[in-house]
Every structure is written in C-alpha cells, then in structure tokens.
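No value in this document is a laboratory result; all are computed from the given coordinates. Keep in mind that what you see is a predicted model, and the values were worked out from it rather than measured. Cβ: placed from backbone, ideal geometry, glycine included. Neighbour counts: every protein chain shown.
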Amino acid sequence: MILRGLNYVGQLGRCAVSSDFFSRVFRPIHRPLEIGASSLKFINIFACGNRTYVLTSTGECYGCGQNNTGQLGIQTKSIHLNTLHRIPKPSYNRSSYWKDIQGGSFMTAFLDESGNVYTCGENISGELGHGPISLENISKPRQIEGLNNILGISVGDTHMMAWNASGECFCWGFNAQGQCSFE
C-alpha cells in the first residue's frame, strides 16, 4: 500500500511522529511511500479524518493514526500510533472476519461477515449506538445489540447508518441538522 500527505498523528503508518505540532503539520509526505509488512495482503483500505485502516485477505484489520478517543479500536494509552496495529476481533466472535470499516470524526464502525456492527471511539452524541449518550470513550470495538443481519454501514462526522437485506435503514447519533431523518 502506498500513501502520501500529512502525517502529524501517524495516519500514514510511516515515519516518526514529532512531538512539536508545527513540525508535524508542516512536514507532509510529498511522494508516495510504501507501508506495511510484505507478508500482509491488503484487499481494502480506508482513510478517515486522521486515521488509516486496511483489511487483509484473511479478514484482519489494521489501523494507525489518531487514537485520542479510542477510535482506532486498539486498547492503548497512546493517542498517536504511527505504525499499523492489528485491531482485535471481540473475544466472543473470533471466527468471524471484518468485512468493512467506516469512520467519522472521532468514532469508527466495523462490520463483520455475519452482519454484526461494532463501534468504538467518542459517544457524546450517541453516535456509537450503545444506548444513552456518555462521556465515556470506548476503545475496543463493541457490538451494537439488536442490530443484526446488516449488509452495509456508512458513517458521517457524528452519526452512523446501517441497512439490511430487507431494505430497512437504521440511523443514530447527532441529528441537529436532520442527518438521521428524524424530526
């Protein structure tokens, strides 16, 4: 995989991240650089905000970049990860593989092959779908209860959507501009 651009929180998965904000912002990567281990076969990539995710042919997911609200899905105290880290599958569902990843400003949604949706990151507007709004960040992908047989997911800055084979669409999170289609 080859990436280029700003790398101030490690979202390119390459190069050291400087602690000086201005050094990070004004030292973008101007030409494509290859990242990742040669033993991994990437089948899909996703870049959102200040994060990068890759899916492998074995259904594993790796991420790098900003992690200040746990949005990478990697339980670590580090707020910037400048190399690819494996995002663990929930311990109760290790037989399934990740099928899709979508990210918003400070949260991420993962879809597994069984049609279950998992979310992590910031939840101040209910964007994670786990019930009441909370100031508690979730740093490990947590399954959204009652949302099953999902075919696809889509994520905005502070809201998420999912749809199933019956054509039903579900939406949750911030709705101040009507983005969830609720009045």
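Compute the distance in nm between two label points, each set 7 Å from the Cα along the Cα-to-Cβ direction, one at Ile45 and one at Thr83.
Taking the simple label geometry, Ile45 and Thr83 are separated by 1.9 nm.
How about Lys41: which lysines have a C-alpha closer than 16 Å to its C-alpha, ignoring those fewer than 8 places off in the same chain?
Lys99
What residues qualify as long-range amide H neighbours of Leu151, i.e. H under 5 Å apart, gap of 5 or more or another chain, H built at 1.01 Å from N?
Counting only residues 5 or more places away or on other chains, the set is Trp163, Asn164, Ala165.
Order the peptides 128-135, 82-89, 170-177 from the highest to the lowest mean number of other Cβ atoms within 10 Å of their residues. Walk me through the numbers on the way to the answer.
Working: 128-135: 14.8, 82-89: 18.1, 170-177: 16.2.
Most protected by this proxy first, the peptides run 82-89, 170-177, 128-135.
At q = 0.15, 0.19, 0.23 Å⁻¹, what is the log10 ratio I(q)/I(0) for the range 42-173, with the Debye formula run over Cα points and no solvent?
Once normalised to I(0) and log-transformed, intensities are -0.62, -1.03, -1.53.
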